[in-house]
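Structure record follows, encoded as structure tokens.
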Amino acid sequence: MKQYLKLDEWSIIEESFDPQNHEISESIFSIGNGYMGQRANFEEQYSGTSLQGSYMAGVYYPDKTRVGWWKNGYPEYFAKVLNSTNWIGINVTIDGAVLDLAECEVKDFVRELNMKEGYLSRRFTAVLKDGKEVAVEAIRFVSVKRHEIGAIRYTVTPLNFNGTITLNPYLDGDVQNKDSNYEEKFWLEVEKSAEPELYYLTVKTKKLDFHVTSVMSFDIFKNGSKLDIQPVVSEKEKYVAGEVSVEAHANEPITLFKYVANVTSRDHGLGDLVAAGKSLLTAAKQAGFDTLLSEQAAGWADKWRDSDIIIEGDVSAQQAIRFNIFQLNQTYSGEDDRLNIGPKGFTGEKYGGSTYWDTEAYCIPFYLSTADSHIARNLLIYRYKHLEKAKENAKKLGFTKGALYPMVTMNGEECHNEWEITFEEIHRNGAIAYAIYNYVNYTGDFAYLGQYGLEVLAEISRFWEQRVNFSKAKNKYVMLGVTGPNEYENNVNNNWYTNRIAVWTLEYTLEVLEYLKANESDRYQALIDKLDLQEEETKQWQHIIDNMYYPYDEERGVFLQQDGFLDKELIAVKDLPAGNLPINQNWSWDRILRSCFIKQADVLQGLYFLGNHYDLDTKKRNFDFYEPITVHESSLSPCVHSIIACELGYQEKAYEMYLRTARLDLDNYNNDTEDGCHTTSMAGTWMSIVQGFGGLRVVDGELVLRPFVPSHWDNFSFKVMFRDSRLKVNVTGDSIHVVNETDAPAAICVYDTSYTVDGHGEIKHQNASANL
Ligand code: BGC
């Protein structure tokens, strides 16, 4: 664990330069706007270790699959979000010597991610080999108001000499993905132009023909006055640049403003890319850096108005939750239903930027509560649009009907090529169905069911119908050969969670059919026809619901993770000798698979999703059994344990679990933040606070809160958007204060007392802790 960042409520701050931390910082200080993302690479040349990363959302490459032993049904490729044109680069030379922080003494280094206003800044003094000192200040952002625009202000001040400062801003498309399977470069040049006033470069992917055009323009100022110098332009393959040399006296700041528009063929016709980029760039440049920066602050103020969490009495927790909310908002803005959320967001290459069940299981609650409902809806539409591909996927695996959504995808096709995940981790289908329920339950948008929801539910139900089989021995339906969310057991029979979520899907699908029949009869009939849904099918679903087998231990009263679970030697994680954890780095896979240790919430994941189906005693028995044997080696795990611990009144345990994800990246807990941040698990941290400590649920259209303040905090408050209202919930040791910041009234229940919070009204509920 590395703790090198300064605590601050609104900023992430690094106060000295240590090359050892640089790649970690490149991940943590990433900036993004849902459309593009950029690791915190330096603008000037850096010859030390660095992971270059400029990403354009939805621009990916089908990198040919590489496996040792091919299995039928494996995907042909793994889709990777691409490292695209480096648009931030500015080479700097001082009297001919290259400014490179790996090659000079660095003093007074400060890097800051200003989360309140949405920009990255950096300042330092560099002492070059010849003793010349320069002060540098850089600030950059990708605009949340003009999502194709990025801007940089870069100032160099000679401190102890008069000399020539040369600035060379460029666009470089000759970039690579570090995780490329065959060390292949994925980009080809299409066209470029370098004119002193305007530079552009269009590159395209070798496959799929994604085009990205970057258009650049820059201005140079000395002592605050614009210089009228013609840049010397240069070009090489996939590269354009302009260079300006300025004579400066000591303490005379030279400032470069670099503006870039990055546009892609996802949004513009191939023939329009350059013109579109030029026009966006011209408008941005005319507005000017200061205006763009104040637009940025205003854009982020809106996001914070809807999603902020305030924790009093714990700066470290405050910084952490804001960082998590900030990264989630940087990753997905929800305006484009072709986009989704990769486990690392735009902060690294791992997981290929592709979509996992993480979105449905962990991220949707965050976006449901902190943004307008169309944002979460777009995440559902993304899957709706992939329904045909999910049906093809089921066919490919030998099913005659139904849909199996992929475990990892960019465009609806499966990308994962480990059999125990590709073919067996089918529980993901359940999460996709559950997200529909979650969305409709939260928003009250029942129209979604007839428009899109039922089709997805019915096809997933058809998959479950075929994936179970009737066991004569058990006289029940069983599901064989699966991997549950706990990836530390593969090819198990009757994983409780998978059986349960499958049956729940069937139940919900039948309920939705009933709802549509009663409320939207025309649409109901049209959908029955479209789906060619036969009565025998729905009867069969009911038969499965009534006759499903669930492994259960009568003695302990707990659901069993899978049929053979009790054959395992049960040892608590705390009793493992020191040095064994994490087991995925210290044990052979064979030993892991045979052990009782659980990677991430599995039975408890089911008790979390279907919380209203189980009483507290059941949850307690299962929690008490599973928590001691769970190693939480997926960052997605602790939040579920934290939320259930809150329900059970295990406040210290809940807090301990919350801490495991809260500062996961800021303190590099898992020693892997250099690969990118754990963006999807950041949504889990939000869940731990709002659904855990805040106890938020939606029951029968009413927002229910059962909050308490963890003993480590003085008090906390969070924002929730619910139906047409936005509520600020402030929780102190003895009261819960809910303020409605909008016109629409909201029905809420605090513990067991129902209230209506009028538009711009408020309520105060006393003695929260007495209710625990
Ligand atoms: C987890 C999966 C998750 C994936 C991406 C894995 O380690 O076990 O549940 O979908 O990471 O976050």
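The values are calculated or read from the model by the stated rules, or taken from the named source; none is laboratory data. Just so it is clear, the model here is predicted, and its values are computed rather than measured. Because the Cβ atoms are built from the backbone with ideal geometry, glycine has one as well, and the counts that use them run over all protein chains shown. Only protein heavy atoms, including side chains, enter the accessible area calculation; ligands, DNA and RNA are left aside. Shrake-Rupley method; radii C 1.70, N 1.55, O 1.52, S 1.80 Å.
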Inter-part distance where region 211-236 and region 349-369 are each reduced to a Cα centre, Å: 39 Å
Evaluated over the chain, the Cα radius of gyration and Dmax, each in Å: 27.3, 90
Accessible area per residue in Å² at 1.4 Å probe, computed on the chain: 37 Å²
Neighbourhood net charge (12 Å Cβ-Cβ; Lys/Arg +1, Asp/Glu -1) for residue 594: -2
Whole-percent carbon and sulfur share, accessible surface of region 36-305, 1.4 Å: 46 percent
Region 716-771, relative contact order [Cα under 8 Å, separation at least 6], %: 31 percent
Mean Cβ neighbour count within 10 Å, used as a protection proxy, ranking 208-221, 153-166 highest first: 208-221, 153-166
With DNA, RNA and ligands ignored, accessible area of residue 461 (1.4 Å probe; Å², nearest 10): 0 Å²
In nm, spacing of pseudo-spin labels at residue 472 and residue 161 (7 Å Cα→C-beta vector): 9.0 nm
At most 13 other Cβ within 10 Å, DSSP loop - GluC sites (Glu not before Pro), region 142-209: 183, 184, 197
Exposure of residue 588 as accessible area (Å², to 10), given a probe of 1.4 Å and all protein chains: 70 Å²
Largest to smallest accessible area among 641, 374, 760 [probe 1.4 Å]: 760, 374, 641
J(HN,Hα) series, region 296-307, from Karplus relation 6.51 cos²θ - 1.76 cosθ + 1.60, nearest Hz, glycine and proline x: 4, 4, 5, x, 6, 4, 4, 5, 5, 4, 8, 10
By accessible area with a 1.4 Å probe, ligands and nucleic acids excluded, highest first: order of 556, 39, 697: 556, 697, 39
Separation of alpha-carbon centers, region 27-62 and region 689-760, rounded to whole Å: 37 Å
Helix-only [θ]222 nm of the chain, DSSP H runs n ≥ 4, -39500 (n - 2.57) each, per residue, nearest 500: -9000 deg cm²/dmol
Centroid-to-centroid separation of region 162-210 and region 598-670 [C-alpha atoms, Å]: 45 Å
Per-residue HN-Hα couplings for region 210-227 [Karplus 6.51, -1.76, 1.60; θ = phi - 60°; Hz; x = Gly/Pro]: 5, 10, 10, 10, 10, 10, 10, 8, 8, 10, 10, 10, 10, 6, x, 10, 5, 9
Protein-only accessible surface order, largest first, of 207, 344, 389 at 1.4 Å: 207, 389, 344
Charge dipole of region 36-305 about the Cα centre (unit charges at C-beta), most positive-ward option of 45, 221, 296: 296
Derived scalar couplings ³J(HN,Hα) [region 58-71; Karplus, 6.51 cos²θ - 1.76 cosθ + 1.60; whole Hz; x for Gly, Pro]: x, 9, 9, 10, x, 6, 3, 4, 10, 9, x, 10, 6, 10
Taking the convex hull of Cα positions in region 32-158, its mean projected area over all directions (nm²): 10.8 nm²
Simple spin-label estimate for residue 591 and residue 179 in nanometres, 7 Å along Cα-Cβ: 2.8 nm
Relative contact order (percent, whole number), the chain, Cα cutoff 8 Å, 6+ residue spacing: 12 percent
Rounded accessible area of residue 35 (nearest 10 Å², 1.4 Å probe): 10 Å²
